[in-house]
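Contents: one structure, followed by commentary.
No lab work stands behind these numbers, since they all come straight from the coordinates. Here the structure is a predicted model, which means the values were calculated and not measured. Ideal geometry is used to build each Cβ from the backbone, glycine not excepted, and the neighbour counts take in all protein chains shown.
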Amino acid sequence: MSIELRNVTKRFGAVTAVNNVTFSVRDGELMALLGPSGGGKTTVLRMIAGLEMPTTGDVFIRGQRVNDLSVQQRNIGFVFQNYALFKNMNVFKNIAFGLKIKKWRRADIKARIIELMNLFGLDGLEQRYPHQLSGGQRQRVAIARALAPKPSVLLLDEPFGAVDAKIRQEPREWLVTLHTELNVTTVFVTHDQEEALEVSNRIVIFSRGALEQVGTPREVYEQPANEFVARFIGVMNVLELEVRNGIGRAGELEFPAPGQPEGQKLRIGFRPYSVQISSDLTHYRYHAVLRHTFFLGVLLRVELELPSGLIVRARMSKEEYAHQGLEDGQYRVLARDTAGLPPEREARHELPPSIAEHI
Amino acid sequence: MVKWLLVLIALAFCFVFLLLPLVNVFAQALTKGWTFYWNSLAHPDSWAAIRLTLVVSAFTVPMNVLFGLAAAWAIAKFEFRGKSILITLIDLPFSVSPVVAGLMFVVLFGLQGFFGKWLDAHDLKIIFAVPGIVLATVFITFPFVARELIPVMQATGTEQEQAALTLGANGWQTFWHVTLPSVKWGLIYGIILCNARAMGEFGAVSVVSGHITGQTDTMPLRVEKLYNEYNAPAAFAVASLLALLALFTLALKTFLEWKQAREYERAQRAVGYQLSTPPTINHSK
């Protein structure tokens, strides 16, 4: 284990920013701390760095308890959201700062910086000041500066937050490539689920200071631990069912719920891609009106309204949409049989409420 | 038409009330020629006053740089109870009449004052001596450095310092390599204002100095004394030095403002977003 948090709680006065969080980061992993803003993820990152102290609980780095170690002693690299480059120093001096503090020999500093400048594609920018660099260059200088003293872990706070949304793709891929090459344990904070799913090996999801789920991108997407995760990661249809005679109902929709007590309320969710649509009125059971079509590139998302007013979202390819001859406002049917919606049972999740709801 | 009239009024006002007196200082100083001017300055008592003024400023400015940096650092970078009281206290010297400030020190350290007996018993002289003049001047000029630094430090934020910490720097290294360079221009600006006031202070110093010719007269006190002795040309000769200091301060201040504005623009571009409030220079005093 490279980093481990055990029952870590952080309070700022009466506000609990992080509540009893336990998770670990494996050696060489690229881990995302994901959650809505105010979820406590940045506080967790700053506690790993030593910029904040936990109120209770323990933080371990490489097996060593670091609660009592200062920032300087933890041997971490930290990249701030706005990079926090030293504006009175040029690129060379920025990257050399940590090495000079650690009293590296002059020749070693020079060699290390040449190596990093080369690796980060910053050659020729040694004499530039931060204000003379582009956003992407600043980000790379900030990461190079953090990595220069060879930290045991690299921590990044919203690394793509200051980069224009439309040009984030390149730095994302670049970070993955860099991580693969250097293999340094990396933890980054993001509020963008797409970014977390795309970049990381594993994701820790927070909401309101509590840890909701830890898992690979695939796990949190396909097996969300609770309703918060299900709604936060991707799009999810969520319905509340009431059980009658072993069948859960919401509006006209029916789902088999064998063994559930009479009158039991159940919340379930299913992804839009598991909903089937057909214009074949004879074989499909439920009828719905296609209200809106959202164009997402290769895929389309459609919003279907059942006669009871229930809204169900479905996703399909452009080809299928065209093949079915679908159009907004049309009357269509969805779902095939009494097996319910969606047809494959394993694509359906029973959703416990979010952990944060109990707090 | 109205525009030109307004401009004319403003210019005439500046000319009569600002430029004319200034020119007059030099004209009066030189009425009896360069030799007299030079001799007035070289007079042992005037020369002593010039030296004392330099000594007072040499003590005052470094002390207030230290106090100012500490106070600005505390206010801009930390949250603590009583912060607003501290900010108010820093402004106190601006709101207290200098004469009252001088009297405060007499009450504290004078022969009849709280510490008077003790000081006398240990043969320490503060009032009517150089230490008293330095104390009074430190009090009067206390706000200049702190007031300049607080907005600059607040605008810079604490991220650069935190970055230095994560790179292994201790508090002193962080201050020396990161904080100080980022407030450099504000600090220099505060220093020149502090220095100008330290050399020009009259009221507080007048109360504590005792006016001992050749010993506790600073330049402003010397100017007054010469003038009261009907030696106007000599008084204006010493006064012209203070006027020169003012002109020099003004020129330096203009240069630094320009420099600071440029650095701020750069910093803004470097951060890539608009800082909510630009670090403005405090013109109030």
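Some observations on this one:
- Dividing the summed -39500 (n - 2.57) terms of all DSSP H runs of n ≥ 4 by the residue count of chain B sets its mean residue ellipticity at 222 nm at -24500 deg cm²/dmol.
- Extents of region B:34-125, taken as max minus min of Cα coordinates on every principal axis and listed largest first, are 59, 39, 24 Å.
- Distant-in-sequence amide H partners of A:Leu33 (H built 1.01 Å from N, under 5 Å): A:Phe188, A:Val189, A:Thr190, A:Val204
- Using alpha-carbon coordinates, inclination of helix B:184-200 to the longest axis of chain B, degrees: 20
- In terms of overall dimensions, chain A has a Cα radius of gyration and Dmax of 25.0, 81 angstrom.
- Cα long-axis angle, helix A:135-147 against chain A (0 to 90 degrees, to the nearest 10): 60
- Straight Cα distances below 23 angstrom link B:Lys117 to the lysines B:Lys125, with same-chain residues fewer than 8 positions distant left out.
- Cα centroid of region B:216-243 to Cα centroid of region A:175-245, whole Å: 78
- Site pair B:Lys83 and B:Asp45 shows an inter-label distance of 5.3 nm when each label is modelled 7 Å from Cα along Cα→Cβ.
- In degrees, nearest ten, helix B:98-109 long axis to first principal axis of chain B (Cα): 90
- All lysines inside 23 Å of A:Lys93 as judged from Cα atoms, apart from same-chain residues fewer than 8 positions distant: A:Lys102, A:Lys103, A:Lys110, A:Lys150, B:Lys184, B:Lys259
- Loop-resident sites, region B:1-96, for trypsin sites (Lys or Arg not before Pro), counting at most 12 other Cβ within 10 Å (DSSP): B:Arg81
- On full extension, the segment bounded by B:Asn170 and B:Val107 gains 18.4 nm, given 0.36 nm per residue less the C-alpha separation.
- Across chain A, Cα pairs under 8 Å and at least six residues apart give a relative contact order of 16 percent.
- Where only C-alpha atoms are counted, convex hull volume of the protein assembly as shown per residue in Å³: 274
- As a calculated quantity, the FRET efficiency between A:Ala14 and A:Glu173 at R0 = 45 Å, using C-beta atoms, amounts to about 0.60.
- Stokes-Einstein diffusion coefficient of region A:213-327, Kirkwood radius over Cα pairs, 4 °C, 1.567 mPa s, in µm²/s: 83
- Loop-located chymotrypsin sites (Phe, Trp or Tyr not before Pro) in region A:1-86 (DSSP state other than H, G, I, E, B) with a sparse environment of at most 11 neighbouring Cβ atoms within 10 Å are absent.
- When both region B:86-115 and region A:81-104 are represented by their alpha-carbon centers, they are found 45 Å apart.
- Against the compact-protein benchmark of 2.2 N^0.38 Å, the Cα-based radius of gyration of chain B scales to 1.18.
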